[in-house]
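For reference, the structure is listed below as structure tokens.
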Amino acid sequence: MKIYEAAIAALNFIKKPATASEVYETIVDKKLYVFGAKKPVEVLRVTMDKHTKNKAFSKMNVYRYFYKHTNGKYELLEEFRKFSVNYEVKEPSLEELQSDNCFEQIFELATQQKEKCKAEILTYLRALSPSEFEEFSELFLNRYGFKNMTVTSVGRDGGIDVKGALKIGIAEMRVAAQCKRYAENNKVGRPDVSQFRGDITGEYEQGIFITTSSFTKEAKEVSFKPGCVPIVLIDGEQLAETIIEKGIGIQRQQVEIYDFDADLIFS
């Protein structure tokens, strides 16, 4: 069983709303799941919250099995109950519904802001000159975790724009990158990827192809071939996402969101 499946089974044993601690005790008692975490109740609570209909976090699971009341107790949604309800079902109050809707609006706005930021990043990158984009790619790869990435001299290394290394354990893998500052509709095709592989074969163990546009299906198919140097493809969407993740030129504004949970008072 997965954790959320064990929680569903436990609530079907309990046959009434229960706190995360009560659900955990039933899971252990019925040997439904073995927790390896130091704080198993917290792990269980977070997992159940991500599967809860009236919760809204930045990363929610698409499948919802529980409803959580303001007293901290979880209740199985009707379609997942294997018992007849013999207790009064508490309907969410107007305040609860308004609060849930508020959380959803906050996270929807946060998602919209992130997409706006990604669009601004790509607009900026596409306005760079080819040499400026190569310099940016050098910085990007160094921040990503590669070692000693440097822009190559113009015309010296064929299709190689940036080169360096990737440290794996005690060994280092020689890495080369090609950087294409393309418009959104100018996709990188299979010939570009194949040519780049030809340029680095025999001298480098891995290639990275970075573009501000995207890759054709054929380019993606040829990027990894048995017996050939693998080519990692980074398109505009991935590039913008990673820039945000690594905080390159990004200012983060932290907004604290408060959600009362009675079950946490004595935990």
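Show the residue pairs meeting these rules: Cβ distance below 8 Å; 6+ apart or different chains; first residue within region 102-116 and not assigned by the TED database to the domain that holds L239 and surrounded by 11 or more Cβ atoms within 10 Å (Cβ to Cβ); second residue modelled with pLDDT of 85 or more and of a type outside the set (D, E, K, R).
Sorted first by the residue in region 102-116, then by its partner, the pairs are K114/I244.
Give region 119-134 a look and list any residue that's assigned to a helix (DSSP H, G or I) and surrounded by fewer than 17 Cβ atoms within 10 Å (Cβ to Cβ), or say none.
Selection gives A119, E120, T123, Y124, R126, P130, S131, E132.
Does T201 fit the bill of being more than 22 Å from T123 (Cα to Cα) and among the β-branched types (V, I, T)?
Judged against the criteria, T201 is a match.
Working only within region 183-222, note down all residues that are open to solvent by 30 Å² or more (accessible area, probe 1.4 Å) and hydrophobic (A, V, I, L, M, F, W, C).
Once the filter is applied, which keeps residues that are open to solvent by 30 Å² or more (accessible area, probe 1.4 Å) and hydrophobic (A, V, I, L, M, F, W, C), region 183-222 yields only A183.
Can you say whether F136 is over 22 Å from S214 (Cβ atoms) and either modelled with pLDDT of 95 or more or among the aromatic types (F, W, Y) (or both), as far as the supplied structure shows?
No.
With the requirement that a residue be closer than 25 Å to G169 by Cα and in a loop (DSSP other than H, G, I, E, B), what does region 135-156 give you?
Matches in region 135-156: G145, F146.
Within region 205-213, does at least one residue satisfy the condition of being polar (S, T, N, Q), at pLDDT below 95 and under 18 Å from F146 (Cβ atoms)?
yes
For the subset of region 15-33 comprising residues that are open to solvent by less than 70 Å² (accessible area, probe 1.4 Å) and under 10 Å from E75 (Cα atoms), which member is nearest to the chain's Cα centre (by Cα)?
T19
Is there a residue being under 23 Å from K246 (Cβ atoms), open to solvent by less than 30 Å² (accessible area, probe 1.4 Å) and touching a residue at least 60 places away in the same chain (Cβ under 8 Å) anywhere in region 167-182?
no
Among the residues of region 34-52 satisfying the criterion of being in a loop (DSSP other than H, G, I, E, B) and over 14 Å from K68 (Cα atoms), which is farthest from the chain's Cα centre (by Cα)?
Ranking the qualifying residues of region 34-52, first place goes to V34.
Check A183 against each of (1) at pLDDT below 95; (2) in contact with a Gly (Cβ under 9 Å, 6 or more places away or on another chain) and name the one condition it does not meet.
(2)
Specify which of the listed residues (I234, I210) is among the β-branched types (V, I, T), closer than 27 Å to T111 by Cβ and touching a Cys at 6+ places or on another chain (Cβ under 6 Å).
Going through I234, I210 in turn, the sole match is I210.
The values are calculated or read from the model by the stated rules, or taken from the named source; none is laboratory data. Everything numeric in this text was worked out from a predicted model, so none of it was measured. Cβ sites come from the backbone with ideal geometry, for glycine too, and all protein chains shown count toward neighbours. These area figures cover heavy atoms from the full protein model, side chains too; ligands, DNA and RNA do not enter into them. Shrake-Rupley method; radii C 1.70, N 1.55, O 1.52, S 1.80 Å.
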